[in-house]
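Just so it is clear, none of the values below were taken in a lab; they were calculated from the coordinates. None of the values given here were measured: they were computed from a predicted structure. All Cβ positions, glycine included, derive from the backbone under ideal geometry; neighbour counts span all protein chains shown.
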Amino acid sequence: MNTPGPAGVHAAVMDSSSPAASPATTDAPDTMRVAREVLAAIDAHARAEAPRECCGLLLGSLTEIRRAEPTRNLAPQPTRYDIDPADHFRILRAARAAGLTVIGAYHSHPASAPIPSPTDLAEGLPNFLYVITSLRADLACPESSTRAYYFDGLTFREVPLVPTD
Ligand SMILES: [Zn+2]
């Protein structure tokens, strides 16, 4: 993220869920349940925004992604994403009102595999879940074009998604 906005985004995320102060490894989930309709919504958003990356926030718990909330992408470059701070705050408020927590973010890789990029690594928030969906079927991992990773502040660790109906 390369504009003044993201600092506010990062602060808001950590202020809202306060996971940053806890030990990095203990919070990492083994798997993440997610409804197929949530995965379908992320995929549809990715296709609608292509060739630009799409982005959004994930609401849920340590074991389940309950909702994917699309946000505007303010990044001028096609291969970056910058979550609109206004969208971010709106979703934070809505999440609180619904008793949900912002647990992570999703974005698309329209032209690359669903694997964290060097930029994703540089801009990762600790104790945050990252869902990446790829539109390149030939580059996507065999089992799924959408993958989830938990970032502990140093590295991304894949968290297998368990689709539910
Ligand atoms: Zn990425």
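Dipole check for segment 41-139: with +1 at the C-beta of Lys and Arg, -1 at the C-beta of Asp and Glu, and the Cα centre as origin, the magnitude is about 280 Debye.
Local charge for Tyr130 was computed over the other residues whose Cβ lies under 11 Å away, with Lys and Arg +1 and Asp and Glu -1, and equals -1. Full extension of the chain between Ala122 and Thr31 yields a length gain of 30.3 nm, computed as 0.36 nm times the residue separation minus the alpha carbon distance. Label separation (Ser112 vs Phe89): 3.2 nm, computed from points 7 Å beyond Cα along the C-beta direction.
About the centre of its Cα atoms, segment 102-157 shows a dipole size close to 60 debye [charges on the beta carbon of Lys, Arg (+1) and Asp, Glu (-1) only; nearest 20 debye].
Would you kindly state how much longer the chain becomes between Ala48 and Cys141 on full extension, computed as 0.36 nm times their sequence separation minus their alpha carbon distance, in nm to one decimal?
Values: separation 93, 0.36 × 93 = 33.48 nm, distance 2.14 nm.
Contour length minus the Cα-Cα distance gives 31.3 nm.
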